[in-house]
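Q: Supplied in structure tokens, the structure appears directly below.
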Amino acid sequence: MMADAPGNEANRVSWLNTLRSCTGTAADRKNRYRFLVWAMAWAATFLGADWGLENHDVQGPTAIFIAMIPTLMACGALWAYLRFLRETDELVRRIQLEGVALGFGAGIIFLLSLVSLEDAGFAKLDASDAIALMLVTWAFGQLFATWRYR
């Protein structure tokens, strides 16, 4: 690439500028912000519901209602993400798809391997470990695809 040729240091694009350039249009940024707000609301209500149900004696319909609040926020986050994907351009959609594919694939491999590893004496892990792995590999997949296509 010309940007990598000696003497063209001024033409090189940093990782930060590469990431900034993949933010898309103003509508993409608005949709991404909307998804982020829903995802943060999901995380906050999940932590709040988990804390409330563990530390307070709540039972019956009230406990079910409290446990379902994060699920409603998750549905909002999913809807906002789908809206973002539907309204963005093909390149951003492809970058997102590669990230989701990597995250989903890593999660499936991890969960299926976990069954055998636990039988072999490996420490017992739960769904939150798989979710963390999926989120990290989703982000890595987006970074890698951004670097590859930009």
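Q: Out of (1) surrounded by 15 or more Cβ atoms within 10 Å (Cβ to Cβ); (2) under 19 Å from Thr25 (Cα atoms), the odd one out for Asp89 is which?
A: (1)
Q: So which of Glu118, Glu98 is in contact with a Lys or Arg (Cβ under 7 Å, 6 or more places away or on another chain) and on the phi < 0 side of the Ramachandran plot?
A: Glu118
Q: Can you name the number of the only condition in (1) among the aliphatic types (A, V, I, L, M); (2) at pLDDT below 85; (3) within 27 Å of Gln96 (Cβ to Cβ) that Ala39 fails?
A: Result: Ala39 fails condition (2) only.
Q: Residue check, Ala80 against (1) assigned by TED's automatic domain parsing to the domain that holds Met40; (2) in contact (Cβ under 8 Å) with a residue 60 or more places away in the chain; (3) not hydroxyl-bearing (Ser, Thr, Tyr), all met but one. Which one?
A: That leaves (2) as the condition not met.
Q: Looking only at segment 128-150, which residues are under 11 Å from Gln96 (Cβ atoms) and β-branched (Val, Ile, Thr)?
A: Selection gives Thr146 alone.
Q: Next up: Filter segment 41-58 for residues that are more than 9 Å from Met73 (Cβ to Cβ) and hydrophobic (A, V, I, L, M, F, W, C); which is farthest from the chain's Cα centre (by Cα)?
A: Val58
Q: Taking the options Asp126, Asp57, Asp50, name whichever one is without any contact (Cβ under 8 Å) to a residue 24 or more places away in the chain, farther than 27 Å from Ala26 by Cα and surrounded by 13 or more Cβ atoms within 10 Å (Cβ to Cβ).
A: Among Asp126, Asp57, Asp50, only Asp50 is without any contact (Cβ under 8 Å) to a residue 24 or more places away in the chain, farther than 27 Å from Ala26 by Cα and surrounded by 13 or more Cβ atoms within 10 Å (Cβ to Cβ).
Q: Quick one: is Val58 assigned by TED's automatic domain parsing to the domain that holds Thr45, modelled with pLDDT under 90 and either on the phi > 0 side of the Ramachandran plot or out of contact with any Cys (no Cβ under 6 Å at 6 or more places or on another chain) (or both)?
A: yes
Q: Taking the conditions exactly as written (exposed (fewer than 14 other Cβ atoms within 10 Å of the Cβ), free of Cβ contacts under 8 Å to residues at least 12 places away in the same chain, under 29 Å from Gly24 (Cα atoms) and aliphatic (A, V, I, L, M)), does Ala132 satisfy them or not?
A: Values: exposed (fewer than 14 other Cβ atoms within 10 Å of the Cβ): yes; free of Cβ contacts under 8 Å to residues at least 12 places away in the same chain: yes; under 29 Å from Gly24 (Cα atoms): yes; aliphatic (A, V, I, L, M): yes.
It is true that Ala132 is exposed (fewer than 14 other Cβ atoms within 10 Å of the Cβ), free of Cβ contacts under 8 Å to residues at least 12 places away in the same chain, under 29 Å from Gly24 (Cα atoms) and aliphatic (A, V, I, L, M).
Q: Ok, one more. I'm trying to understand the selection: among the residues of segment 84-103, which are assigned to a helix (DSSP H, G or I) and not hydrophobic (A, V, I, L, M, F, W, C)? Before the answer, list the steps.
A: Kept after step one, since they are assigned to a helix (DSSP H, G or I), are these residues of segment 84-103: 84-87, 90-103.
Scanning segment 84-103 gives Arg86, Glu87, Glu90, Arg93, Arg94, Gln96, Glu98, Gly99, Gly103.
Q: Scan segment 39-89 for residues that are aromatic (Phe, Trp, Tyr) and over 19 Å from Ser128 (Cα atoms) and report the count.
A: 4
The values are calculated or read from the model by the stated rules, or taken from the named source; none is laboratory data. This structure is a prediction, so every number in the text was calculated from the model and none was measured. Neighbour counts run over all protein chains shown; Cβ positions are idealised from the backbone, glycine included.
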